[in-house]
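K.L.:
The structure is given below, and queries will be raised subsequently.
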Amino acid sequence: MKKPLLALGTLALALSATVSAETLRFATDASYPPFSKQGADGKMTGFDPDIAQALCAVMKAKCEIVPQDFDGIIPALNAKKFDAVIASMNITEERKKAVDFSDKYYNMASRLVAKQGAQINAAWFKGKKIGVLRSSIQEKYARDTFAKQGAQLVSYGKAPESFMDLKAGRVDAAFVDAAVGDTDFVKTPNGKGFALVGPDYNDPKYFGVGSGIAVRKGDKALLARINGALKQIRADGSYDKIQKKYFSFDIYGK
Amino acid sequence: MIDLNLIIERFPAFLGGTDGAPIMSTSDGLQLTLELLGLSLAFGLLLAVPMALMLVSRNKWVARPVWLYTYVFRGTPLLVQLFIIYYGLSQFDWVRDSWAWEYLREAYVCAILAFTLNTAAYTTEILAGQIRNTHYGEIEAAKAMGMGKWLMMRRIVIPSALRRALPAYSNEVVMMMQSTSIAGLVTLADLTGVARRVFSDTYMPFEPFLTVAGIYLVMTFALVWLFKKAEQRWLAYLAPRKH
């Protein structure tokens, strides 16, 4: 009589153990290679999800990666669709009003992608169409500078859409993170004849101090754990290992 | 809950006044939606009249191609058609090298093309149905007057079918107005495109989409009212007797 009861008790104990293994849901941009990319099997790969997995390993949590279009990612975070955002999101004053940021996990300049040999100067922008991601910092910068020099901005929901239109000739340049333009377009067969042109754009007023992991405002406990885990993966070499997988240069910055 | 200030502050953006610019200074928002709707309905109707005549033809070599056209365009989602025209066509070098590319490179033209082809398919079916429904008395009368086939079509069948198509066509116009909201997915800043921009600038979903829903509702009321007036004028002879 006692035995089945005991068995049931052990089962309940075992169940509660599985439940208590905490799951953290990290959102990444659905398509922002090499930072994030959805494989044919639906699994997210890339620098951002890999860093998320490394952080979760340190935090002893189970990681769930949720792909999400960039332009709706902050509202979805605040609507509790996930717990944190690791989507190459630059830390800016404006975004800090909506979310809290971790320390930076990388800092990289933005560049223009255009036909090889394009000479970028103030006069070049007149009458040119420039593709940007909707609500990206590049869009804000471009609106305040390129548009004032006569360029017309075309907003996209995803980076590959802007590259496709660049290749087709609908826009004259795309304005994106340097590594994204390089790996996802210039180095692919589609990007033949195109190159990263013009200077590095990294005005801290627009581009902030780098990219951070965003959590809901006031989620201090999670933020502290993420910052601690970030320090640890920087120190123990797992950050460098992931970085080497995707980039030939250091993207952490100073 | 809902930030009324945000709605008031951002309202000019829907009327072409982004970033504090005066309203109507750009064609973003309402104007673009009306342009997309007006142009595609006009071209669509122009295409639909001859196609409806072809569809009711007894010659299957004339009727079948139109049947296939309406079948394909009514059987696939408009969004898919738009993506095929916008992203699909640009993949072919021969398209990009042709004279048409000057127009097809513009998202605006691609959207109007997709909307036109789509509404033309539905309108063709609406008109063809009404042509088939023409009362035999009208046809007999026309024949008795000695009208030939084409004269009868031009004077009797088509005007009569167009009038009787009004109620069904008004539905198509309202549906089309709502369908223009997908133009934002190919970079155009129509009403919904502007709402998405405000949404991603402010991270507030409710306010911009409620605003834009309100604008669409007002437009629907206006269209329904216009069609009611048109029906009172041109369908009066079919209305039930009032005395």
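Quick grid of which residues meet (1) within 14 Å of another protein chain (Cβ to nearest Cβ); (2) among the charged types (D, E, K, R); (3) in a helix (DSSP H, G or I):
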site: B:TYR86; (1), (2), (3): yes, no, yes
site: B:LEU89; (1), (2), (3): yes, no, yes
site: B:TRP94; (1), (2), (3): yes, no, yes
site: B:SER98; (1), (2), (3): yes, no, no
site: B:GLU102; (1), (2), (3): yes, yes, yes
site: B:THR116; (1), (2), (3): no, no, yes
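K.L.:
Further question: Among residues belonging to the range B:127-140 that are open to solvent by less than 40 Å² (accessible area, probe 1.4 Å) and either in contact (Cβ under 8 Å) with a residue 60 or more places away in the chain or over 30 Å from B:MET152 (Cα atoms) (or both), point out the one that is nearest to the other protein chains (Cβ to nearest Cβ).
P.N.:
Across the range B:127-140, the extreme among qualifying residues is B:LEU127.
K.L.:
Need the failing condition index for B:VAL194 against (1) part of a helix (DSSP H, G or I); (2) open to solvent by 30 Å² or more (accessible area, probe 1.4 Å), just the number.
P.N.:
All conditions pass for B:VAL194, except number (2).
K.L.:
Can you spot a residue in the range B:94-103 that is in contact (Cβ under 8 Å) with a residue 12 or more places away in the chain, open to solvent by less than 40 Å² (accessible area, probe 1.4 Å) and β-branched (Val, Ile, Thr)? So that I can check it myself, show each step before the final result.
P.N.:
Taking the range B:94-103 and keeping what is in contact (Cβ under 8 Å) with a residue 12 or more places away in the chain, we get none.
No, the range B:94-103 contains no residue that is in contact (Cβ under 8 Å) with a residue 12 or more places away in the chain, open to solvent by less than 40 Å² (accessible area, probe 1.4 Å) and β-branched (Val, Ile, Thr).
K.L.:
Anything in the range A:124-177 that is at the interface with chain B (Cβ under 10 Å from one of its Cβ atoms), over 17 Å from A:GLY191 (Cβ atoms) and part of a loop (DSSP other than H, G, I, E, B)? List them, or say none.
P.N.:
A:ARG134, A:SER135, A:SER136, A:GLY157
K.L.:
Can you work out which of the residues in the range B:178-191 that are in a helix (DSSP H, G or I) and β-branched (Val, Ile, Thr) is nearest to the other protein chains (Cβ to nearest Cβ)? So that I can check it myself, show each step before the final result.
P.N.:
Start the filter on the range B:178-191 by keeping residues that are in a helix (DSSP H, G or I), which leaves B:178-186, B:191.
Those still in the list that are β-branched (Val, Ile, Thr) too: B:180, B:182, B:186.
Values: B:THR180: 18, B:ILE182: 13, B:VAL186: 9 Å.
Taking the candidates together, the pick is B:VAL186.
The values are calculated or read from the model by the stated rules, or taken from the named source; none is laboratory data. Computed from a predicted structure; not experimentally measured. Neighbour counts run over all protein chains shown; Cβ positions are idealised from the backbone, glycine included. To get the accessible areas, we keep the full protein, side chains included, count just its heavy atoms, and leave off ligands, DNA and RNA. Shrake-Rupley method; radii C 1.70, N 1.55, O 1.52, S 1.80 Å.
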